[in-house]
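What follows is a set of notes on a single structure, which appears directly below.
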Amino acid sequence: DISNKLLINKDSLFRIYSMTKPITSVCLLMLVDRQLLSLDDPVYKFIPSFRNLKVLVGGTIDSPLYEELNEPMTIHHLLTHTSGLSYGWSNSLADQIFKSKFSNEDIAQGYRNYTTEEFVEILSTCPLSFQPGCKYLYSFS
C-alpha cells in the first residue's frame, strides 16, 4: 500500500476478481476427472433452484415475457459462458430485471452483503438472456 507506506506480508489479502473463474474451472475439471460430476450435468442437480429457470423473450420490466428452457442449463454452459446468465452490466431488459433485485449500494459494493448461497438463490430468480448453449455472454457463470 504505497499511499500508507505499508509493506506486503504473508497475510496480505488481494481481490483477484476474474481470476476466480479459471481457478474454479480447474477445480471443477478435477472433479470431472475423478468422475464426481459431468460437464453434461444439469446445474439444478447441485443448485435445485436452477430447475425453474426461464428465458426472457420480451415485454417490459413490469410485464416481462418468458419461455421455458429448451434444455437444462449444464455445467458446460457455465464454463463456456453460454448459460444465458448475465452480469447486469448492460441496459438490456434481462439486466434491468437482475439489477432491480438489488439496491444501488449492493451493486456498487459488488454484492458483498450477500453470502454466496444468498446471491445464487437471487440469481436463480432472474431470467436468462437466451436459451443455454445458443450464445456467448461473459457473466456470473
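Pull up the range 3-35, narrow it to residues that are polar (S, T, N, Q) and part of a helix (DSSP H, G or I), then point me to the one that is nearest to TYR138 (Cα to Cα). Once the filter is applied, the top-ranked residue is SER18.
Cβ separations smaller than 6 Å between residues 6+ apart or across chains give the following pairs from the range 125-136 residues that are touching a residue at least 12 places away in the same chain (Cβ under 8 Å) to residues that are part of a loop (DSSP other than H, G, I, E, B) and surrounded by fewer than 14 Cβ atoms within 10 Å (Cβ to Cβ): GLN131/ASN70. In the set (1) more than 29 Å from ALA108 (Cα to Cα); (2) open to solvent by 70 Å² or more (accessible area, probe 1.4 Å), TYR17 fails one condition alone, (1).
Candidates LEU65, LEU85, LEU78: the one that is free of Cβ contacts under 8 Å to residues at least 24 places away in the same chain and either part of a loop (DSSP other than H, G, I, E, B) or open to solvent by 20 Å² or more (accessible area, probe 1.4 Å) (or both) is LEU65.
Could you check the range 95-141 and list, in sequence order, the residues that are in a loop (DSSP other than H, G, I, E, B) and in contact with a Gly (Cβ under 7 Å, 6 or more places away or on another chain)? Before the answer, list the steps.
The initial filter retains those residues of the range 95-141 that are in a loop (DSSP other than H, G, I, E, B), namely 100-103, 109-115, 124-127, 129-141.
Result: SER129, PHE130, GLN131, PRO132.
The set of residues in the range 100-135 being more than 24 Å from ARG51 (Cβ to Cβ) and open to solvent by 30 Å² or more (accessible area, probe 1.4 Å) consists of SER103, ASN104, GLU105, ILE107, ALA108, GLN109, GLY110, ARG112, ASN113.
Residues of the range 36-62 that are hydroxyl-bearing (Ser, Thr, Tyr) and assigned to a helix (DSSP H, G or I): TYR44, SER49. Scanning the range 113-141 for residues that are more than 20 Å from PRO72 (Cα to Cα) and in contact with a helix residue (DSSP H, G or I) (Cβ under 8 Å, 6 or more places away or on another chain) turns up ASN113, TYR114. Among the residues making up the range 23-62, a single one is closer than 13 Å to ALA94 by Cα and open to solvent by 90 Å² or more (accessible area, probe 1.4 Å): ASP62.
The values are calculated or read from the model by the stated rules, or taken from the named source; none is laboratory data. Quantities reported herein were computed from a predicted structural model and do not represent experimental measurements. So basically every Cβ, Gly included, is an ideal-geometry build from the backbone, and we count neighbours across all protein chains shown. Accessible surface areas use protein heavy atoms only, side chains included; no ligands, DNA or RNA. Shrake-Rupley method; radii C 1.70, N 1.55, O 1.52, S 1.80 Å.
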